[in-house]
Amino acid sequence: MSGLRQVFEIARRDFLQRARSKAFLITSLVTIGAIFGLIPLFAQEVSDPPPVKVGVLASVDESFESRLNPVAEALGFDVEVETFEALPAAEQALVADGVEVVVAPGEIVFARESNSRLSAAASAAHQAIERDRLVAELGLDPEIVVELVSPAPLPERLIDPLDPEDLPRRVGTQVGSIILYIAILMFGQFIMMGVMEEKQSRVVEVVLSRAKAERLLTGKVLGIGLLGLLQLAVIGGSLVAALNLVEIPGLDMGGLGWKILVQTVLWFLLGFGLYSVLYGGLGATVTRQEDAQGMAFLPVLLLLPGYFISFIAIEEPTPWLR
């Protein structure tokens, strides 16, 4: 049997052996199910967040709610106003019933931690009411007062506007980094455990009597690597498909497409080719499960720095990290 044929048979055996395992099938199905189940829920939560509950005492001006709604909308959230007759009841609801802020005459009350957006919205509504009251008392023209206290804002100009596809690229790169890290660790350990198990069962002695050691390792790397590439493509394709089925505000899914998936596959091939040989060599040095667990930690020490640096580079793409 030729060397190429030997490598092919070894690769085919390892591919089918791992692909038929219940652990691999269950993991793949659960991951794909989680992607299609959780991403729509996340998109719905982001696109349609629940309104913020605001408690208002009955003694506050009745126009407060009509003043508050447009300010809150401008700040990016909806409000639901609940009226209370007394401050103790409002404070009790603030602590126990989901009310996030209470507006009382002369003060804004939070439970444990203030919220700058809620405080700004409530303050703006209160200031508008006070301004209208003073305008009415002084007999001034409301339009002139508005021009005096709220002049027209300066126009904005961007020197270097952001690329609308920048955020989708960052999201895709971060998700791709996580998938790469998990895939290399998981399938690298498959190779190490496969080598160790064949040593324990003495199957490797039979195989090495017919094929060279480098052909055995090459076949294992190709077979398990192809299986990992297949799973990566399926999971990545499911992720891209799920993200393109939903709408997330501020995130254009058109920029998160097959280009990032292809790049992730390329980096998987390069990273897996390096670490699979390392895992295979480590598997050849151990014969017990306890020793294998300790050896499996060594490649993690090499992976972690690059993994964390990749996230730093995504957020701050300085030249020395490129």
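The values are calculated or read from the model by the stated rules, or taken from the named source; none is laboratory data. Because the structure is a prediction, the values reported are computed rather than measured. Virtual Cβ from ideal backbone geometry, glycine too; neighbours counted across all protein chains shown. Areas reflect the complete protein model, heavy atoms only, side chains present, ligands, DNA and RNA absent. Shrake-Rupley method; radii C 1.70, N 1.55, O 1.52, S 1.80 Å.
Stretching residue 96 away from residue 143 to a fully extended chain increases their span by 12.6 nm, per 0.36 nm per residue minus the current alpha-carbon distance. Legend: calculated FRET efficiency, residue 136 to residue 269, from the Cβ-Cβ distance at R0 = 51 Å, rounded to 0.05, equals 0.10. When all protein chains stay in place and ligands, DNA and RNA are ignored, the 1.4 Å accessible-area order of 264, 27, largest first, is 27, 264. For residue 83, which sequence-distant residues (separation of 5 or more, or a different chain) have an amide H within less than 5 Å of its own amide H, given hydrogens modelled in the peptide plane? Long-range HN contacts for residue 83: 56.
The accessible-area ordering, largest first, of the residues 42, 84 stands as 42, 84, per a 1.4 angstrom probe.
For residue 101, the residues whose amide H sits under 5 Å from its own are 55, ignoring neighbours fewer than 5 places away on the same chain, with H placed 1.01 Å from N.
A simple spin-label model places the labels of residue 212 and residue 25 3.8 nm from each other, with each point 7 Å out along Cα-to-Cβ. The order of 309, 235 by accessible area, most exposed first and with a 1.4 Å probe, is 309, 235.
Rounded to the nearest 0.05, what FRET efficiency do residue 229 and residue 156 have when you use their Cβ-Cβ distance and R0 = 45 Å? It would help to have the intermediate numbers written out before the result.
Numbers: r = 47 Å, r/R0 = 1.04.
E between residue 229 and residue 156, to the nearest 0.05, is 0.45.
The string of couplings for region 131-136 from the Karplus curve (6.51, -1.76, 1.60, θ = phi - 60°) is 5, 5, 5, 5, 4, 5 Hz, one whole number per residue in order, with x for Gly and Pro. Work out, step by step, the length gained on full extension between residue 16 and residue 83: first 0.36 nm times the residue separation, then minus their alpha carbon distance; give nm to one decimal. Contour length minus Cα-Cα distance gives 17.5 nm.
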